[in-house]
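The values are calculated or read from the model by the stated rules, or taken from the named source; none is laboratory data. Please read all numbers here as calculations on a predicted model, not as lab measurements. Glycine gets a Cβ as well: all are built from the backbone with ideal geometry, and neighbour counts include every protein chain shown.
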Amino acid sequence: MSVTLKQISEETGISISTISRVTTGCGYVAEETRQIVEDAIQRLNYSRRKPLPQVRRGNDDVVMILVGGIRSSLAAHIVEELVQELDKKQKRAFMAITNFSPERERSFLKFAEDNHFFGIISMTITETPETLSMLRNFSCPMVMVERYLPSMDSDCLRSDCYRMGFLGAEYLIENGHRKIGFIGGSRDSTITQDKKTGFMDCMQASGLELRPEWIIHVDRLIYANGIAVANQLLALEERPTALVSSNDISVSILNELISHGVRVPEDISICNCEDSQMVTHCQVPLTSMSVDFARMAVDAVKTLCRRRRQPSMPRSQLIYNPQLIERSSVQNLRAEKE
């Protein structure tokens with residue numbers, strides 16, 4: 001009697017649907033889980049059936065939008081702009097959420113390539129040897145938005161994050177602040193690295209001290225992570241008078257500080273690196289830096305279409321300058337002294 005998927009499931013404790021994805025090669029399965037199933041297949045001498053041929057037609061108008069997550073209002077906004085622009089070009093958007101997993105990134109990239117998608121717009125990418133090796137021989141056109149790989153030449157459109165970090169620190173210094181902290185995302189993020197480098201260069205050029213305890217990193221710059229950052233700031237023996245922060249976490253930090261009796265901007269000023277509706281409608285509207293993401297979406301789709309038509313054309317690198325929008329979250333200490 002031939003071995004069934006149910007028997008493999010009973011042997012491994014893994015669901016039949018997951019085992020089916022391993023045996024057919026269709027769909028994402030974590031590498032550790034895949035290996036457990038493969039080992040059971042060998043032990044039980046399971047005979048694989050030949051998979052049905054995949055349908056290759058009908059996908060040449062599909063564009064995969066590869067995104068790490070959509071809990072950030074910035075990510076959601078960029079996705080919305082991209083979908084609207086793809087609609088104008090009569091392209092169907094296929095959103096793939098990776099949860100910032102390099103394995104999931106490669107699985108989705110392979111899926112788009114195997115199924116002959118029109119192309120990929122990637123808002124997330126992790127520089128690993130496996131991913132770099134895959135992309136060097138990748139046949140599906142891909143454009144990166146708000147992400148880039150330092151070691152690989154690729155079509156890329158992104159904000160000038162170095163300028164954001166520098167401009168944020170510069171603005172606070174012009175307003176009389178000398179004790180300035182930095183709130184950034186993952187240390188592995190090229191975007192965070194660029195912001196932090198700009199911030200540090202400005203501080204050093206002004207002869208200001210960079211206090212290690214005033215530089216705080218979190219895995220993701222989402223609203224939920226701001227409470228922990230605010231509590232870390234509250235626990236400091238000496239707090240900075242101002243912060244350069246980013247994205248939705250700035251709103252959460254502001255709200256949490258205020259709930260503990262810390263006044264913004266009188267006690268701590270905040271300069272935010274990304275503008276959004278959220279930062280304009282919080283308790284104290286945040287001074288922020290605005291980038292034209294609608295323009296970026298238009299350019300991203302145009303770049304993808306050109307890459308599709310001309311696979312060997314030179315790679316395109318477009319960088320968008322931030323514009324500072326002054327609101328109510330930064331105290332002018334110079335004015336107080338005068």
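Observations on the structure shown:
- Residues of the stretch 312-338 that are under 26 Å from PHE118 (Cα atoms) and within 26 Å of the chain's Cα centre (by Cα): PRO314, ARG315, SER316, GLN317, LEU318, ILE319, TYR320.
- Residue among ASP248, ASP194, ASP201 that is surrounded by fewer than 24 Cβ atoms within 10 Å (Cβ to Cβ), closer than 26 Å to ALA297 by Cβ and not assigned by TED's automatic domain parsing to the domain that holds THR124: ASP194
- Subset of the stretch 298-338 that is modelled with pLDDT of 95 or more and touching a Lys or Arg at 6+ places or on another chain (Cβ under 8 Å) - its residue that is farthest from HIS177 (Cα to Cα): CYS305
- Members of the stretch 236-245 found to be within 28 Å of the chain's Cα centre (by Cα) and surrounded by fewer than 23 Cβ atoms within 10 Å (Cβ to Cβ), listed by number: PRO240
- If the condition is being touching a residue at least 24 places away in the same chain (Cβ under 8 Å) and surrounded by fewer than 17 Cβ atoms within 10 Å (Cβ to Cβ), then the stretch 71-87 contributes ARG71, GLN84.
- Residue in the stretch 151-159 that is basic (Lys, Arg) and touching a strand residue (DSSP E or B) at 6+ places or on another chain (Cβ under 7 Å) present: yes
- For the stretch 212-229, a residue qualifies if it is surrounded by 15 or more Cβ atoms within 10 Å (Cβ to Cβ) and assigned to a loop (DSSP other than H, G, I, E, B), and the qualifying residues are VAL218, ARG220, LEU221, ILE222.
- Flag if GLY226 is on the phi < 0 side of the Ramachandran plot, of a type in the set (Gly, Ala, Ser) and in contact with a Ser or Thr (Cβ under 9 Å, 6 or more places away or on another chain): yes
- From VAL83, VAL79, VAL67, residue being more than 16 Å from the chain's Cα centre (by Cα) and β-branched (Val, Ile, Thr): VAL83
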